Every structure is written in C-alpha cells, then in structure tokens.
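Structure, as structure tokens:
The values are calculated or read from the model by the stated rules, or taken from the named source; none is laboratory data. Just so it is clear, the model here is predicted, and its values are computed rather than measured. Here the Cβ positions follow ideal geometry from the backbone for every residue, glycine too, while neighbour counts run over all protein chains shown. Keep in mind that these areas ignore ligands, DNA and RNA; they rest on the heavy atoms of the full protein, side chains included. Shrake-Rupley method; radii C 1.70, N 1.55, O 1.52, S 1.80 Å.
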Amino acid sequence: MEAGGNSLPSGPDGVKRKVFYFYDPEVGNYYYGQGHPMKPHRIRMTHALLAHYGLLQHMHVVKPALARDRDLCRFHADDYVAFLRSITPETQQDQLRQLKRFNVGEDCPVFDGLYSFCQTYAGGSVGGANFLKCTSLASEIHFLDIEFCTSGDGVFYTTDRVMTVSFHKFGDYFPGTGDIRDVGYAKGKYYSLNVPLDDGIDDESYQSLFKPIMGKVMEVFKPGAVVLQCGADSLSGDRLGCFNLSIKGHAECVRYMRSFNVPLLLVGGGGYTIRNVARCWCYETGVALGVELEDKMPQHEYYEYFGPDYTLHVAPSNMENKNSRQQLDEIRAKLLDYLSKLQHAPSVQFQERPPDTELPEVDEDQEDEDGRWDHDSDMDGVDDCKHVSGRVKREYLEPKDTIGRHCCAHFLTA
C-alpha cells in the first residue's frame with residue numbers, strides 16, 4: 001500500500017515518536033449484562049497483548065484521572081449527568097420516565113458502577129486531549145475527528161473549529177444518519193463530511209476513498225491535531241458490523257494519518273467480536289510505535305480466546321462487496337468537490353514545545369481531588385493542564401528504548 005502524506009519510515013525511526021498510553025486496569029471489570037455485545041473486557045485483553053508483545057516498555061503508560069462532574073457537564077446536560085450518577089439497577093424501576101427521556105434501556109443498560117465506568121472511560125479521552133493541549137505552543141488548536149463504521153453524532157455540525165469525517169455504513173443501520181449531503185451548517189458548512197458505504201467493503205475499496213479524501217482534508221484544513229476513532233466493528237467477522245476489512249487494512253488508516261506528523265489521538269469505539277478487537281488495537285499500537293509485530297501470538301493469560309490459530313491476524317471473509325467501482329468513484333468525487341469549497345485552513349499550526357522550555361512545577365503535596373493519583377503506582381495520573389505539565393517533567397519514567405524528540409506525538413486511550 002502507498003505510504004502517503006509526509007511519511008516517515010517505520011521501524012527504527014518509528015520508536016522516536018513519543019507515545020502516551022492511557023489505561024485504567026479497573027475498566028475491564030465492568031459488565032453491561034448477559035447477552036449485551038459491548039464487553040469492556042476487550043480492553044483488558046488488548047492490554048495483555050500489549051504487555052506480552054513488549055510494547056508497554058516503548059510507551060509512557062498513564063493512569064488517567066476520573067472525569068469529574070464538571071468535565072462531563074462541559075459537554076452533557078447537567079440533569080443527564082446527575083441522572084447517570086444516581087441511577088442503579090435497584091432504582092431504575094422507579095425512574096421509568098427518566099430512562100425513556102435519556103434513552104437508557106436495552107441498548108444502553110443500567111449496570112453496577114455505571115457512573116464510575118463513564119468517568120473512567122471519559123477520563124482516558126480527556127487525559128489524551130489535555131496532553132494535546134498542554135504540549136502545544138499554539139494559542140488554539142483545530143481538530144480533525146475521523147470515525148469508522150457508524151456515522152458521527154453531529155456535535156460539531158455548526159463549527160469550523162473541528163472538522164469531522166465519518167466513514168460508515170449507511171442505510172438501514174444504526175444510527176440511520178450520515179447522508180453524503182449532510183455537510184454541516186452555517187460556519188460549519190463543509191466541515192462535517194460523511195462517507196456512506198455499503199456492506200462488504202474490503203481493504204482496497206476502503207483505501208481508495210480514505211487516502212485521497214483524508215489527504216485532501218489534511219491539505220486544506222491543516223489541523224493542529226487529529227483524533228482517530230478506531231472502532232473495530234468495521235473488521236471482517238464482527239458480531240454487529242457488516243464490513244470486510246482485515247486488521248492490516250484497518251491499521252493502514254492509522255499508518256496513513258501517522259505519516260502526516262501531526263499529533264494524533266487514537267481512541268477506541270465499536271467492536272463486538274472481542275478477540276478481534278484486541279488483535280486490532282494491539283497491532284495498531286505497534287503501528288503508532290513504528291514496531292512490526294509477529295503474527296504468532298505470545299502466550300498470555302487470554303491466549304485461549306485466540307484459538308485455534310493463535311495468530312494476530314485473521315483472514316477476511318468471502319462476503320460480497322456491494323460497493324461498486326462506480327459508486328466509490330462518485331462518492332470520492334463528491335467529497336473532493338466539497339473540500340474544494342473550503343477556502344483556507346482556519347487554524348494555527350500545532351507546534352511541539354521546544355526542548356529547553358521549562359514546564360511548570362506542581363505542588364507535590366496537592367492531592368488530586370478525585371483521589372486517583374497514586375504515588376506508588378507504576379502509572380502516572382493525569383488531571384488538568386497544570387498537573388499534566390508538572391507530572392510529565394518529574395514523574396514520567398522513560399520507556400526502555402531512548403525516545404528522541406520528534407515533531408509528532410501519539411496518544412492512545414483504552
């Protein structure tokens with residue numbers, strides 16, 4: 001596959017990129033309930049693979065702080081956050097009206113520890129975003145948000161500060177949005193792009209859209225940072241998905257976006273065949289690090305999940321690709337036409353902090369108000385910008401391999 005972008009070679013050069021990995025070991029303990037396809041255990045399985053492939057020693061491993069009420073309320077309505085904080089499996093029958101109002105039920109169930117799970121999960125993303133913000137000298141950062149498989153939720157539909165590009169199944173499929181004609185509104189017109197796809201799309205067809213579209217986006221929007229949501233429900237054989245991507249094909253999107261040398265935040269998403277989710281996110285962590293992983297899987301505590309082959313990669317199926325060449329050409333032409341209507345990039349370019357810049361110190365006696373900072377832990381805590389900067393300077397242990405400075409950093413949350 002083509003390298004694309006302002007590519008740097010993988011391999012030895014790749015490990016020079018600083019990678020921060022946000023992980024909370026408790027996240028795998030949560031359980032949505034019997035029969036529900038979402039399994040937080042997939043994150044623990046991913047972490048085990050990262051450990052046994054030896055990738056953790058190449059990264060700064062960070063235990064994120066819980067997202068606080070005020071963090072969540074910056075995006076969500078106060079009453080919704082209050083509802084999540086108070087609802088329990090034992091009390092939900094007394095709050096049927098609220099359950100209906102907030103669309104909580106069979107698909108989004110109430111389970112033990114629901115609010116702490118939301119705080120934990122959101123905390124990883126907030127921590128990664130804080131690092132993007134705190135390591136920049138630019139007065140403002142404009143973000144590019146890229147999503148796989150299911151269409152985006154439209155939260156940036158009226159702004160030019162964030163550009164969203166969503167590659168997703170369109171038609172009779174959740175959430176039923178994401179028409180190619182939906183391009184944003186007012187100041188946000190042409191800053192929300194939808195790439196509607198049909199069942200069975202394979203690696204070649206997917207890349208025939210992803211690379212030219214994203215290459216043009218990077219050219220005209222010039223984002224200060226990129227957020228790539230790596231939902232694994234676009235993989236072949238997913239329990240709920242209907243695409244036919246291989247793990248290498250899925251990871252090629254990560255490799256391509258990495259090649260632009262722009263700070264990159266990789267976050268999870270969908271993915272319901274959990275052994276393949278773990279395979280995919282492990283391999284893509286290797287891509288972020290510039291490390292090629294052996295296909296033969298090392299022995300580890302979840303080894304039996306990956307039988308009978310015990311390999312990192314699985315072959316795509318022979319399902320029909322319903323995306324014709326003509327359809328793909330028309331979609332690509334339409335999206336490139338939309339992008340041609342953007343006159344200029346609105347953002348200041350992201351810059352890495354110079355090596356001799358002093359990071360502000362933090363009062364070592366000041367405790368994190370959520371109680372997440374554990375000085376005996378082998379993982380670093382993250383809170384606000386002030387705390388992030390101080391802890392990066394004093395508390396981070398360098399990975400085993402010496403990491404040189406480069407213009408690009410990657411942030412992984414799991």
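Note on the stretch 191-224: residues that are more than 21 Å from Ser340 (Cα to Cα) and out of contact with any Gly (no Cβ under 6 Å at 6 or more places or on another chain) amount to 9.
From Lys248, Lys296, grab the single residue that is of a type outside the set (Val, Ile, Thr) and without any contact (Cβ under 8 Å) to a residue 60 or more places away in the chain. Give the derivation first.
Values: Lys248 fails: without any contact (Cβ under 8 Å) to a residue 60 or more places away in the chain.
Checking each option against the conditions leaves just Lys296.
Considering only the stretch 16-29, I want to know if a residue exists there that is outside any loop (DSSP other than H, G, I, E, B), in contact (Cβ under 8 Å) with a residue 40 or more places away in the chain, aromatic (Phe, Trp, Tyr) and in contact with a His (Cβ under 8 Å, 6 or more places away or on another chain). Looking for residues that are outside any loop (DSSP other than H, G, I, E, B), in contact (Cβ under 8 Å) with a residue 40 or more places away in the chain, aromatic (Phe, Trp, Tyr) and in contact with a His (Cβ under 8 Å, 6 or more places away or on another chain), one finds at least one in the stretch 16-29, hence yes.
Yes or no, residue by residue, for (1) within 25 Å of the chain's Cα centre (by Cα); (2) open to solvent by less than 40 Å² (accessible area, probe 1.4 Å); (3) at pLDDT below 90:
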site	(1), (2), (3)
Leu335	yes, yes, no
Ala345	yes, yes, yes
Asp363	no, no, yes
His375	no, no, yes
Asp378	yes, no, yes
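Within the stretch 119-133, being within 17 Å of His76 (Cα to Cα) and in contact with a helix residue (DSSP H, G or I) (Cβ under 6 Å, 6 or more places away or on another chain) holds for Thr120, Val126.
Of the conditions (1) charged (D, E, K, R); (2) open to solvent by 10 Å² or more (accessible area, probe 1.4 Å); (3) in contact with a helix residue (DSSP H, G or I) (Cβ under 8 Å, 6 or more places away or on another chain); (4) at pLDDT below 95, Arg17 fails just one. Which one is it? (2) is the only condition that Arg17 fails. In this structure, is Asp233 assigned to a loop (DSSP other than H, G, I, E, B) and either among the charged types (D, E, K, R) or under 21 Å from Met163 (Cα atoms) (or both)? No: the conditions fail for Asp233.
In summary, Gln327 fulfils each of the numbered conditions (1) of a type in the set (S, T, N, Q); (2) free of Cβ contacts under 8 Å to residues at least 40 places away in the same chain; (3) open to solvent by 60 Å² or more (accessible area, probe 1.4 Å); (4) under 22 Å from Ser208 (Cα atoms) with the single exception of condition (2). Taking every residue in the stretch 264-276 that is over 16 Å from Arg239 (Cβ atoms) and pairing it with any residue that is part of a loop (DSSP other than H, G, I, E, B), at least 6 positions away or on another chain, the pairs with Cβ-Cβ distances below 8 Å are Leu264/Cys408; Leu266/Cys230; Val267/Cys230.
Residue-wise test of (1) under 19 Å from the mean Cα position of the chain (by Cα); (2) farther than 27 Å from Ser205 by Cβ; (3) at pLDDT below 90.
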site	(1), (2), (3)
Tyr115	no, yes, no
Gly123	yes, yes, no
Thr150	yes, no, yes
Phe167	yes, no, no
Gly171	no, no, yes
Gly178	no, no, yes
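Candidates are the residues of the stretch 256-281 that are buried (at least 21 other Cβ atoms within 10 Å of the Cβ) and basic (Lys, Arg); the one that is nearest to Asp199 (Cα to Cα) is Arg279. Note on the stretch 64-92: residues that are over 17 Å from Phe117 (Cβ atoms) and among the aliphatic types (A, V, I, L, M) total 1. Among the residues that make up the stretch 294-317, is at least one of them touching a His at 6+ places or on another chain (Cβ under 9 Å), at pLDDT 95 or above, under 28 Å from Lys222 (Cβ atoms) and aliphatic (A, V, I, L, M)? So far as the stretch 294-317 goes, no, none of its residues is touching a His at 6+ places or on another chain (Cβ under 9 Å), at pLDDT 95 or above, under 28 Å from Lys222 (Cβ atoms) and aliphatic (A, V, I, L, M). The residues of the stretch 238-269 that are out of contact with any Ser or Thr (no Cβ under 6 Å at 6 or more places or on another chain) and in a loop (DSSP other than H, G, I, E, B), listed by number, are Leu240, Cys242, Ser246, Phe260, Asn261, Val262, Pro263, Gly268, Gly269. Take the residues of the stretch 30-57 that are without any contact (Cβ under 8 Å) to a residue 24 or more places away in the chain and under 14 Å from Phe111 (Cα atoms): which is most open to solvent (accessible area, probe 1.4 Å)? Once the filter is applied, the top-ranked residue is Gln34.
Number of residues in the stretch 174-211 that are part of a helix (DSSP H, G or I) and crowded, with 16+ Cβ neighbours inside 10 Å equals 9.
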